């Protein structure tokens, strides 16, 4: 997983998600899973991010819901 791209994406999402701790949790899960799994991780925190965006009224592509 390209780390700079993920960092940039999280910075862009921050104003919309409005919860730095949630973004940090996602980052920690992704970076921790990289060491343990070639597939990466963070699916649970990703789901929380999508839920937060939907709850705040932002459109999210159907495949992520």
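Shown here is the pair-distance distribution of segment 3-64: with all Cα-Cα distances grouped in 10 Å bins from zero up to the longest one, the shares run 22, 54, 22, 2 percent. Full extension of the segment from residue 54 to residue 16, taken as 0.36 nm per residue of separation minus the current Cα-Cα distance, would add 12.7 nm.
Every number here is computed from the coordinates shown, using simple stated rules; none is lab data. Quick caveat, the model's predicted, so the values are computed rather than measured.
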